[in-house]
Amino acid sequence: VQLQASGGGLVQAGGPLRLSCAASGRTFSNVAMGWFRQAPGKEREFVSAISGSGFSTYYADSVKGRFTISRDNAKNTQYLQMNSLKPEDTAVYYCAARRQWYGTNWPREGVDYWGKGTQVTVSS
């Protein structure tokens, strides 16, 4: 699976931003998708995930209620709608994929495919 993330940029605190991740190389609806992020000097951390059908979603506590993950299997694309952004959301955001859905179990080591990151910067 090849993943290409886009949509990052500079936004003021409180504003919205939407990330996209286009996938290719495997039946998209069979692949669980997710997002991680990595801030300078910190480890890469889980943000959100969605099952192949889109029926199940999972969020880190730090983004719950502000971020919404979704996918369009007809377009082989997943999205991360980020609202009420905070300066602490500043990071490089990475698209991720796993061959199976493991529910809330999303360690970095469990990711099968990574995309290149897209920078999100939230100014105060």
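The values are calculated or read from the model by the stated rules, or taken from the named source; none is laboratory data. This structure is a prediction, so every number in the text was calculated from the model and none was measured. Note that we place each Cβ from the backbone using ideal geometry, even for glycine, and neighbour counts take in every protein chain shown. In case anyone asks, the SASA skips ligands and DNA or RNA and just uses the protein heavy atoms, side chains included. Shrake-Rupley method; radii C 1.70, N 1.55, O 1.52, S 1.80 Å.
Could you please find all residues in the stretch 1-38 being surrounded by 15 or more Cβ atoms within 10 Å (Cβ to Cβ) and either hydroxyl-bearing (Ser, Thr, Tyr) or within 11 Å of Tyr94 (Cβ to Cβ) (or both)?
Hits for the stretch 1-38 are Leu3, Ala5, Ser6, Gly8, Leu19, Ser20, Cys21, Gly34, Trp35, Phe36, Arg37, Gln38.
Given the residues Ser70, Ser84, Ser123, which is the only one that is among the small types (Gly, Ala, Ser) and either at pLDDT below 95 or under 13 Å from Leu19 (Cα atoms) (or both)?
Criteria check complete, one pass: Ser70.
Hey, can you tell me all the residues within the stretch 64-121 that are under 21 Å from Glu43 (Cβ atoms), assigned to a strand (DSSP E or B) and touching a Gly at 6+ places or on another chain (Cβ under 7 Å)?
Of everything in the stretch 64-121, those that are under 21 Å from Glu43 (Cβ atoms), assigned to a strand (DSSP E or B) and touching a Gly at 6+ places or on another chain (Cβ under 7 Å) turn out to be Val92, Tyr93, Tyr94, Cys95, Ala96, Arg98, Thr118, Gln119, Val120.
Mind listing just one residue for me: the one in the stretch 49-63 that is farther than 13 Å from Tyr93 by Cβ and hydrophobic (A, V, I, L, M, F, W, C) and, of those, most open to solvent (accessible area, probe 1.4 Å)?
My answer is Phe55.
Give me the residue from the stretch 39-51 that is more than 15 Å from Tyr79 (Cβ to Cβ) and not acidic (Asp, Glu) and, out of that set, nearest to the chain's Cα centre (by Cα).
Here the answer is Phe46.
Residues checked against (1) among the basic types (Lys, Arg); (2) surrounded by fewer than 19 Cβ atoms within 10 Å (Cβ to Cβ); (3) at pLDDT 95 or above:
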{"position": "Pro40", "(1), (2), (3)": "no, yes, no"}
{"position": "Val47", "(1), (2), (3)": "no, no, yes"}
{"position": "Gly65", "(1), (2), (3)": "no, yes, yes"}
{"position": "Gln78", "(1), (2), (3)": "no, no, yes"}
{"position": "Glu88", "(1), (2), (3)": "no, yes, yes"}
{"position": "Ala97", "(1), (2), (3)": "no, no, yes"}
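Would you mention how many residues in the stretch 47-63 are touching a Gly at 6+ places or on another chain (Cβ under 9 Å) and assigned to a loop (DSSP other than H, G, I, E, B)?
Residues flagged as touching a Gly at 6+ places or on another chain (Cβ under 9 Å) and assigned to a loop (DSSP other than H, G, I, E, B) within the stretch 47-63 amount to 2.
I need the full set of residues from the stretch 65-87 which are out of contact with any Ser or Thr (no Cβ under 9 Å at 6 or more places or on another chain) and under 19 Å from Phe36 (Cβ atoms), in order please.
Leu85
Looking for something more than 23 Å from Thr121 (Cβ to Cβ) and in contact (Cβ under 8 Å) with a residue 60 or more places away in the chain - is there at least one such residue anywhere in the stretch 57-67?
The answer is no; no qualifying residue exists.
Let me confirm something: among Ser53, Ser20, which residue is touching a Ser or Thr at 6+ places or on another chain (Cβ under 9 Å) and free of Cβ contacts under 8 Å to residues at least 40 places away in the same chain?
Ser53
Quick one: Arg71 ticks every box in (1) out of contact with any Lys or Arg (no Cβ under 7 Å at 6 or more places or on another chain); (2) over 27 Å from Gly14 (Cβ atoms); (3) not aliphatic (A, V, I, L, M) bar one, so which box is it?
All conditions are met except number (2).
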